[in-house]
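Each value in this text was obtained by applying a stated rule to the coordinates, not by laboratory testing. The structure displayed is predicted, hence computed values, not measured ones. Cβ placement follows ideal geometry from the backbone for every residue including glycine, while neighbour counts extend to all protein chains displayed.
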Amino acid sequence: MALRLAATQKILMRIDHKILFSGYDRKTCWVHARPAVIPGDPLQAVITMQKLRITGDDVFYEINDVWSQDGGTTWSQPRPHADVLGRRPAAGGLEEGISDFTPAWHSATGVLLGTGHTIPYLQDNIPPNPRPRSTSYSVYNQKSQSWSAWAKLEMLDPRIAFNTGAGCTQRVDLANGDILLPIYYALSETVKDAGLYVQLVSSVHRCTFDGTELRCVEKGSDLTLGQGRGFGEPSLAEINGRYFLTLRNDDRAYVAVSRDGLNYGEPQPWKFDDGSDLGSYNTQQHWVTSCDNLYLVYTRRGANNDHVLRHRAPLFIAQVDQERNCLLRESEAILIPERGAALGNFGVARISDQESWVVASEWMQTTQPDPFDCRVCEKYGSDNSIHLARISFG
C-alpha cells in the first residue's frame, strides 16, 4: 500500500509486509530478529536471532542466523552458532552468553559487525545478583561463512566496566571508519544488590574497528534520569549534520540531539506535533533514514493493544520534525500489525536512500497474571512469526 506521510512535504512511503517464518514449540520462541545486508548484486541479507525460554526471565540461547542470496526473496533455514555465539564458562562458577545482538555492515572494512552484550547465569538459568554485563561483538567472515567467537569491548571508564552493554542499539559509522556506538551502563557504586533495577546511564562511545578488533577511544556525555531505571537501549542516527539519540525509559521514550555525536543536550520526552505524549514506554525505538528525512519506529499505548505485553505491538513508523524534535502525527503508519504478541525487540537495515527493512519476531510471553501462558498470544493469531516490512520511499 502507498501512504502519504506529510501532505506539506509530499513524501510517499510504500510498506510491503510479509511473514518469513512461523511456528514454535511452546517451550522456546525466536526473539531479537534483526537484519543486515551485504552490498552487491544480488544483495545478500542476514537475519540474526536467538531462542528464548518462554518460562523464564531473559533465558536466552545461542545466536542463529538465516541468509538470503537473492535480495530477501528466499531465505535459508536457521543455522545455530553455539560454538562461537553461545554460552561459555565464566569466573565465579557462572555461565556467560550473549544477547540483544544487532548486526550491521561496516563499509570501511567490508565486513558485518554485530554488537550486543553478555548475559550471565548461575545453575538452572538463574541470573546472579548483582548481574555483571559487558559490551560484546562478533565479526562475520564471508569466505568461511562463519562468525568470530564473541569478544568483549574494553571500557575507558573503569566505573562502568562491571555492568555495560550495547544490547539492541543502533550505531552510526563515520566516513573514516570510526564507529559511534551507543552504550548503556550502571555506575559501579549503584550496582550492589540492585539486580536488574540499577539506575542506567547512556552515552555514545567512539570506537575504532580494523575488521577484527573493536576498540573504544572516546566516551561522550552521560545521559541519565532520576526515575525508573534511567536511560537504556539508546539508538543513534545521523541526518543533516546532526545526531539524534532515542532512549528507553520505564515511563516514556526520550530523544536527545547532538552536533558532534558525542555530547548531547538535555533529553526530552518524545511527543507528537500536537503536544501529546507519544505513549511509548519501557521498550526500544529505532531509526529509519531516507535522503534528508528521519523516521522513528516504535510501539505505543492507545492502539487497542492493552492485551499486549507493555503495548509492544503493533509496530509504528512516523516522520520526525527535525526542528521541533517531535513526530508528525499525520504521518504515522503501521509497519507490522498486532496479533497478540510483542514486537518491540526489532531491527532495522538501511538498504539505500529509497529503501529500508524492519524485521521483528513475535515474542510469545504475555501480560500478568501468567506472563508465560503463550496461548494468550495465540488467541489473537500469533505463532512466533518473523515479520519483514520493506519500506520504499519516493
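Measuring nothing but how far apart in sequence close Cα pairs (under 8 Å, 6+ apart) lie, relative to its length, the chain scores a relative contact order of 15 percent. Shape call for segment 81-269 from the C-alpha gyration tensor, a ≥ b ≥ c root eigenvalues: rounded (a/c under 1.5), prolate (a/b greater than b/c) or oblate? Cα axes put segment 81-269 in the oblate bin. Between their Cα atoms, which of LYS51/LYS219; LYS27/LYS219; LYS152/LYS379; LYS51/LYS152; LYS51/LYS143; LYS27/LYS143 are more than 30 Å away from each other? Among LYS51/LYS219; LYS27/LYS219; LYS152/LYS379; LYS51/LYS152; LYS51/LYS143; LYS27/LYS143, the Cα-Cα distance tops 30 Å for LYS51/LYS219; LYS27/LYS219; LYS152/LYS379; LYS27/LYS143.
Each Lys and Arg Cβ is given +1 and each Asp and Glu Cβ -1; about its Cα centre, the chain then shows a dipole of about 340 debye.
Computed extension gain for VAL84 through SER221, at 0.36 nm per residue and net of the alpha carbon distance, reaches 46.0 nm. Here's how it looks for ALA342: its modeled amide H is under 5 Å from those of LEU309, TRP363, GLN365, which are all 5 or more places away or on a different chain.
The HN-Hα couplings worked out from phi for segment 235-242 by the Karplus form 6.51 cos²θ - 1.76 cosθ + 1.60 (θ = phi - 60°) are 10, 10, 9, 10, 8, 6, x, 10 Hz, whole numbers, x standing for Gly and Pro. In order along segment 299-311, the Karplus-derived 3J(HN,Hα) couplings, from 6.51 cos²θ - 1.76 cosθ + 1.60 at θ = phi - 60°, round to 10, 7, 6, x, 10, 6, 10, 5, 7, 9, 3, 6, 6 Hz, and Gly and Pro are given as x.
Placing a label point 7 Å from the Cα of ARG26 along the Cα-to-Cβ direction, the residues of segment 43-62 whose backbone N falls under 17 Å of that point are 53-56. Spin-label model, LYS152/LYS18: points 7 Å from Cα along the beta carbon direction are separated by 4.3 nm. Taking a sphere under 12 Å around the Cβ of TRP147 and counting the other residues whose Cβ falls inside, with K and R at +1 and D and E at -1, yields a net charge of -2.
The length gained by stretching the chain between ALA108 and ASN240 to full extension, at 0.36 nm per residue less their Cα-Cα distance, is 45.4 nm.
Quote the relative contact order of segment 81-269 in percent (integer), defining contacts as alpha-carbon pairs under 8 Å separated by 6+ residues.
15 percent
In terms of its alpha-carbon gyration tensor, segment 42-165 comes out oblate; a/c meets the 1.5 threshold, while b/c is at least as large as a/b. The Cβ shell under 15 Å around GLU378 holds other residues with a net charge of -1, Lys and Arg each +1, Asp and Glu each -1. Here the spin labels are modelled as points 7 Å beyond Cα on the Cα-Cβ line, and at CYS291 and GLN123 they lie 6.3 nm apart. Would you kindly give the portion of the calculated P(r) for segment 31-78 that falls above 13 Å, as a percent of all Cα pairs? Here the long-distance tail beyond 13 Å is 58 percent of all Cα pairs in segment 31-78.
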